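Report on one structure; see the data block that follows.
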Amino acid sequence: MHWTDRLHRALIGISDRVNRLDLDARLLASSGVQLDRALFPLLSRLALNPDFNVAELANLVGRDHSTVSRQIVRLEQLGLLTRRSDPSDQRSRQLTLTVAGRNLLAQVAAVRRRKMEEHFADWNEADRDRLIELMNAMLDREPELSINRD
């Protein structure tokens, strides 16, 4: 198998693993967080991409704009995020986590850290650091082509 095919397979495998709703449901339950598991990826992405708008978030999570828009309304009703006017485009609304949203994600992060430490327990620190370094180098490059679609 060509190295690009092996890399593609590995990336799809990682994407599949981190995007599984059943794993999110277990992570939320282990964290003591009561949240619809379909809403969790939106909060997680907003924490990493502050001030995204609905269109940017929908593109990032690979969902339809109207679906994400309805989910954003629900997250706002739950007090986990707010929408405000984008200073550069008054037609657009920036999404920002509230203190409650950040606290919820902090609860989940504590459990996620523990699970990741268990998963990588037999890796030495240098190997973990190298993995992170290589992944960040890959992510820092401009996305010239879609590597997650055939």
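The values are calculated or read from the model by the stated rules, or taken from the named source; none is laboratory data. Treat the numbers as computed from the prediction; the structure is a model and nothing was measured. Cβ placement follows ideal geometry from the backbone for every residue including glycine, while neighbour counts extend to all protein chains displayed. Calculation scope for accessible area: heavy atoms of the full protein, side chains included, ligands and nucleic acids excluded. Shrake-Rupley method; radii C 1.70, N 1.55, O 1.52, S 1.80 Å.
In table form, for the structure just shown:
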read-out	value
Rule-of-thumb Rg ratio for region 66-122 [Cα; 2.2 N^0.38 Å; N residues]	1.55
Length-normalised contact order of the chain in % [C-alpha pairs under 8 Å, at least 6 apart]	22 percent
Helical mean residue ellipticity (222 nm; -39500 (n - 2.57) per DSSP H run of 4+; nearest 500) of the chain	-20000 deg cm²/dmol
Mean Cα-pair separation over length for region 1-80, i.e. relative contact order, pairs under 8 Å, 6 or more apart, %	18 percent
Per-residue SASA entry for PHE120, accessible area with 1.4 Å probe, Å² rounded to 10	50 Å²
Magnitude of the charge dipole, region 17-150, Cβ model with Lys/Arg +1 and Asp/Glu -1, debye to 20	620 debye
Percent carbon-and-sulfur accessible area, region 1-130, ignoring ligands, DNA and RNA, probe 1.4 Å	50 percent
When the convex hull of its Cα atoms is projected in every direction, mean area for region 9-150 (nm²)	10.2 nm²
Solvent-accessible ranking of TRP123, TRP3, largest area first, probe 1.4 Å	TRP3, TRP123
³J(HN,Hα), Karplus 6.51/-1.76/1.60, whole Hz, each residue of region 48-58, x for Gly, Pro	8, 9, x, 6, 5, 9, 4, 4, 5, 5, 4
Average accessible surface area per residue within the chain, 1.4 Å rolling probe, Å²	71 Å²
Rg ratio (alpha-carbon, reference 2.2 N^0.38 Å) - region 1-73	1.29
Solvent-accessible surface (1.4 angstrom probe) belonging to MET1, in square angstrom, nearest 10	140 Å²
Heavy atoms of HIS8: accessible area, 1.4 Å probe, square angstrom to 10	50 Å²
Inter-label distance for ALA126 and GLN107, nm, one decimal - labels placed 7 Å from Cα along Cα-to-Cβ	4.1 nm
